[in-house]
Amino acid sequence: MSKLKTYFLCRNCGAMAPKWMGKCPECGAWDALDEMTKATEDPHRPKSLTVAAAHEAVVGVQGTYADSMPIAISEVPPLEVPRLPTRFAEFDRVLGGGIVPGSAILLGGEPGIGKSTLLLQALAQLASPSAGSVPVLYVTSEESAQQTQLRARRLGYGSSTLKVYAETNLEKIAAQIGRLRPALVVVDSVQMIYKPDNPSAPGSVSQLRDCCTELVYLAKASGTAIILVGHVTKEGILAGPKLIEHIVDTVLYFEGDSHHDHRIVRCAKNRFGNTLEIGLFRMTEAGLEGVEDASTLLLDRTHLGKDGQSPAGAVITAALQGSRVLLVEVQALTTDAMLGTAKRKVTGCDASRVAMIIAVLEKRAGLRLVDKDVFVNVVGGIKLNDPSADAAIALAIASAHINRSLAPSTLVLGELGLLGEFRPVAQAQQRLGEAERLGFAAAIVPVSKTKVPVKSKLTLHVCRRLDQAVALLE
Ligand code: TYD
Ligand code: MG
């Protein structure tokens, strides 16, 4: 016989506690502990099928795990990964070329960002005769079928044959998947569905785990790809989605500011492709539109002077996001701080990297920033995690501080070392090419890595040190 034991699980970080506490001992989140009941281990109880076993069941069917014996890596038969393109080029780009049959994808994002819109559009396009009427199923656990129909009408898919199923009971959803055998199922959202034999409330840790594991197993066993929608709370706490990231094959996050019209789909994990690509969309009256010419979307040049000059504190750099180059603006502001309380506020790049850049500016370029509040913002919700943006961040801060700007249409590239030296960046040629295409006139660049000067029609100001670049501020 198994005995029931009570414990508490943090819905924020997944930490376990033996008794209820107001504050999680691990992550410090308040009121985040959920009561759980688990049966203590019973050796006679059959073990439930784990995700790994489910994987094996499917991969075994395809023959790669069958008769498992050690073999030379060169002799492993290649696994053919056929993909189902969604006809949404930007979505396919983040997925690595389309949806892999039998895979499980998690799409996380804040409420109202556009997850349901994106998936409804993708499914309706797949179900359209021009795409070969792919069998797809949209399970709506949050909205009624009528609400989904209204949205579909607004998006111009009112007469679509796409199947909608308004249900929250996992067993009924699984039965319909088994009956219809769709190529792709969307469950919107996973926080609202429940497994009837689990006494916890929908959205709780154990319901989420149970429902996801079962759906992923179903996907692997049936070859139906599944997209699970998960809400991220406003504070940025990935309450539900974080818990199930390890269960699924691909994790996508839909980001953006609901006050602006562009949206970014980022890949945090992908067992079938890289995680570098991002998908860019614009939210319009008629739903989401993919944006291929991304650079122009993010560069808002309305604040330029008559001669095209950027105001002091604004510097443009070329960031590499997967296979494409995005031109992004880094903005900085420095103001007098209260004695001893200088603040550094950073959005879109790493705060500790900015702290280092400020120290280098102080020490190697002679700027006094110790008594200044420094604000740095990367425009357009882009994250500049690549050190090639160091020089642009440094010049934006220097430009704001001394109130001088760079010559009109100047791009800045370069990594910054602690000695104040400019280091080369990867794929400089590709980045300069994009700037050239968009009509830039000049670029501040480090000495080339290969010692062969990069070729460009732009006027190149090759700088070895930060102070040389700061001297170019007019
Ligand atoms: P939604 O897809 O419901 O968000 P989520 O599923 O992530 O919660 O997005 C809703 C928002 O998108 C809402 O604020 C209205 C806006 N929207 C448009 O701007 N255009 C459209 O065509 C649609 C359908 C929604
Ligand atoms: Mg929704």
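Remind me, relative contact order of the range 356-468 in percent, using alpha carbon pairs under 8 angstrom and six or more residues apart?
Details: 158 pairs, mean separation 28.7, N = 113.
It rounds to 25 percent for the range 356-468.
Quick check: pseudo-label points 7 Å beyond the Cα along Cα→Cβ at residue 130 and residue 289, how many nm apart are they?
With each label placed 7 Å out from Cα toward Cβ, I get 1.5 nm.
Nearest 5 is fine: what % of DSSP beta bridges in the chain come out antiparallel, could you say?
Values: 45 of 83 bridges.
If we restrict to bridges inside the chain, about 55 percent are antiparallel.
Holding the Cα-Cα limit at 21 Å, pick out from 242/269; 363/455; 19/242; 115/220; 345/383 the pairs that are longer than that.
Those over the limit are 363/455; 19/242; 115/220.
Quick one: if you stick a label point 7 Å off each Cα along the C-beta vector at residue 363 and residue 71, how many nm between them?
5.6
With an 8 Å cut-off on Cα pairs and a minimum separation of 6 or more residues, tell me the relative contact order of the chain in percent.
Values: 982 pairs, mean separation 53.9, N = 474.
After rounding, I find 11 percent.
Let me have the 222 nm mean residue ellipticity of the chain computed from DSSP H runs of 4+ only, each contributing -39500 (n - 2.57), with the sum over all residues rounded to the nearest 500. Provide the component values of the computation, followed by the final result.
Values: 12 runs with 124 residues, N = 474.
It comes out at -8000 deg cm²/dmol, rounded to the nearest 500.
Is there a quick way to get the dipole size of the range 89-292? I mean about its Cα centre, with the Cβ of Lys and Arg at +1 and of Asp and Glu at -1; what is the value in debye to the nearest 20?
Details: 19 positive and 21 negative charges, 86 e Å.
In debye, rounded to 20, the range 89-292 gives about 420.
Using +1 on the beta carbon of Lys and Arg, -1 on that of Asp and Glu, and nothing else charged, what's the dipole of the chain about the Cα centre, debye to 20?
On the way: 51 positive and 48 negative charges, 86 e Å.
Value, rounded to 20: 420 debye.
Output the DSSP H helices from the chain with an along-axis C-alpha extent of no less than 27 Å and a mean Kyte-Doolittle hydropathy no less than -0.5. Each step should come with its number before you reach the end.
Values: long enough: none.
For the chain, where a helix must reach 27 Å along its axis and average at least -0.5, there are no hits.
Of all beta bridges DSSP finds with both residues in the range 89-292, what is the antiparallel percent, to the nearest 5? Show your work: numbers first, answer last.
Numbers: 16 of 41 bridges.
Approximately 40 percent, going by the DSSP bridge assignments.
Quick one: which residues, 5 or more positions from residue 405 or on another chain, have an amide H under 5 Å from its amide H? H modelled 1.01 Å from N in the peptide plane, none for Pro or chain starts.
474
When ranked by the protection proxy of mean other Cβ atoms within 10 Å per residue, highest first, what sequence do the peptides 395-401, 371-377, 155-161 form? Let's see the in-between values first.
Numbers: 395-401: 27.3, 371-377: 19.1, 155-161: 14.7.
Per-residue Cβ counts within 10 Å, averaged per peptide and sorted highest first, yield 395-401, 371-377, 155-161.
Would you kindly enumerate the cysteines in the chain that have no other Cys beta-carbon under 4.7 Å from their beta-carbon?
211, 212, 267, 349, 463
With N residues in the chain, what two-decimal value do you get for its Cα radius of gyration over 2.2 N^0.38 Å? Write out the running numbers ahead of the final one.
On the way: Rg = 26.0 Å, N = 474, 2.2 N^0.38 = 22.9 Å.
Scaled against compact globular proteins, the figure is 1.14.
Could you tell me which of rounded, prolate or oblate describes the range 89-292, using a ≥ b ≥ c as the square roots of the eigenvalues of the alpha-carbon gyration tensor, with rounded for a/c under 1.5 and, failing that, prolate when a/b is larger than b/c and oblate otherwise?
rounded
Values in this text are rule-based calculations from the coordinates and carry no lab data. Bear in mind that the values here come from a model prediction, so they are computed numbers and not experimental data. Backbone-built Cβ (ideal geometry, glycine too); neighbour counts: all protein chains shown.
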